[in-house]
Amino acid sequence: MLKDRRALVTGSTSGIGLAIARALAAEGAEVILNGLGDADAIALLCKELGAAYNGANLMDAGAIAAMMAEIGPIDILVNNAGMQHVAPIEDFPPEKWDAIIALNLSAAFHTTRLAVPGMKAKGWGRIINTASAHSLVASPFKSAYVAAKHGLAGFTKTIALELATHGITANCISPGYVWTPLVENQIPDTMAARGMTREQVMNDVLLAKQPTKSFVLPEDVAAMAVFLCSDAARNITGANYSIDGGWTAE
Ligand code: NAD
């Protein structure tokens, strides 16, 4: 279905991004991976997916510009790289605020502004932003993440309108809790911020949000990304698709 399409998936060395990269490659897309990680493991992933790799640090606008120039025109842009930090507002480290805004929000602006001219030239493009249930609702102790994801949702709607007559769609996918390193790594800080045990954080904070009482799988998110790249989704733009086990229905 996606033969002859070139796709950049940011933050695709792990978790949701990797599942999206795998799913796009399985549909025949030429995939460019991005993200941090062990060089040998990344080389293996490139081999598995027949993919290229660019390791640009997406907190650096100059590095993003260099990456976009190096990889050339793309048809599909998945802005997925992200990070989390959990702390009460009065203890929230300003450098963590800056890092989260840079990676979870500003990076999508920089990749998008540089990808759009090539998409416009072809009259076809798909921009998919991994937002979050936190693009729609808030949770305490996640001020930077919630601000960045709400910003990403607004950015997506704006570009959807700007690009609507160019055959380019822009949408968010908003997962609830997906079992990936990003969730695993926030458990200790959440334990500290809320004075809870690991089991309490899993059941009373994470799964408490999801009426289905189960974690979303990275593959569930990837399947939605593949659908949004299809021709059947040509008239879906400016949307924000929740895959959150009912979290934001409440
Ligand atoms: P993850 O930690 O498994 O993956 C994050 C990816 O981003 C990795 O490939 C990592 O190398 C990359 N990355 C981190 N810093 C980077 C940088 N400076 N430059 C380039 N790449 C960088 O996390 P995940 O759970 O797969 O998260 C992916 C996206 O999904 C994020 O935007 C996250 O906010 C969002 N999300 C995750 C969940 C969840 O429950 N896991 C829920 C909703 C939304």
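Results, tabulated for the structure shown:
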{"quantity": "Test set (1) open to solvent by 50 Å² or more (accessible area, probe 1.4 Å); (2) within 11 Å of the ligand (Cβ to nearest atom) - Ala148 fails condition number", "calculated": "(1)"}
{"quantity": "Lone unmet requirement of (1) surrounded by fewer than 16 Cβ atoms within 10 Å (Cβ to Cβ); (2) under 29 Å from Ala29 (Cβ atoms) for Lys213", "calculated": "(2)"}
{"quantity": "Single match in Val137, Val146, Val116 (criterion: assigned to a loop (DSSP other than H, G, I, E, B), aliphatic (A, V, I, L, M) and at pLDDT 95 or above)", "calculated": "Val137"}
{"quantity": "Residue match in the stretch 2-15 (condition: aliphatic (A, V, I, L, M), touching a helix residue (DSSP H, G or I) at 6+ places or on another chain (Cβ under 7 Å), outside any helix (DSSP H, G or I) and under 21 Å from Val216 (Cβ atoms))", "calculated": "yes"}
{"quantity": "Any hit, the stretch 179-188, residues being away from the ligand (no atom under 11 Å from the Cβ) and either surrounded by 20 or more Cβ atoms within 10 Å (Cβ to Cβ) or modelled with pLDDT of 95 or more (or both)", "calculated": "no"}
{"quantity": "The stretch 43-92, residues that are open to solvent by 60 Å² or more (accessible area, probe 1.4 Å) and within 24 Å of Gly151 (Cα to Cα)", "calculated": "Asn57, Met59, Asp60, Ile89, Glu90, Asp91"}
{"quantity": "Residues satisfying the stated conditions in the stretch 16-34, i.e. within 14 Å of the ligand (Cβ to nearest atom), crowded, with 21+ Cβ neighbours inside 10 Å and within 18 Å of Glu219 (Cβ to Cβ)", "calculated": "Ile16, Gly17, Leu18, Ala19, Ile20, Ala21, Ala23, Val31, Leu33"}
{"quantity": "Selection from the stretch 72-93 of residues that are over 15 Å from the mean Cα position of the chain (by Cα) and within 14 Å of the ligand (Cβ to nearest atom)", "calculated": "His85, Val86"}
{"quantity": "Number of the exception - Ala66 against (1) assigned to a helix (DSSP H, G or I); (2) in contact (Cβ under 8 Å) with a residue 24 or more places away in the chain; (3) more than 8 Å from the ligand (Cβ to nearest atom)", "calculated": "(2)"}
{"quantity": "Any hit, the stretch 190-205, residues being in contact with a His (Cβ under 9 Å, 6 or more places away or on another chain), crowded, with 16+ Cβ neighbours inside 10 Å, farther than 26 Å from Asp60 by Cβ and modelled with pLDDT of 95 or more", "calculated": "no"}
{"quantity": "Test result for Leu44, out of contact with any Gly (no Cβ under 7 Å at 6 or more places or on another chain) and at pLDDT 95 or above", "calculated": "yes"}
{"quantity": "All positions within the stretch 94-127 that are surrounded by fewer than 22 Cβ atoms within 10 Å (Cβ to Cβ) and away from the ligand (no atom under 16 Å from the Cβ)", "calculated": "Pro94, Arg113, Val116, Pro117, Gly118, Lys120, Ala121, Lys122, Gly123, Trp124"}
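The values are calculated or read from the model by the stated rules, or taken from the named source; none is laboratory data. None of these values were measured; they are calculated from a predicted model. Positions of Cβ are backbone-derived with ideal geometry, glycine not excepted, and every protein chain shown enters the neighbour counts. SASA here: full protein model, heavy atoms, side chains in, ligands and nucleic acids out. Shrake-Rupley method; radii C 1.70, N 1.55, O 1.52, S 1.80 Å.
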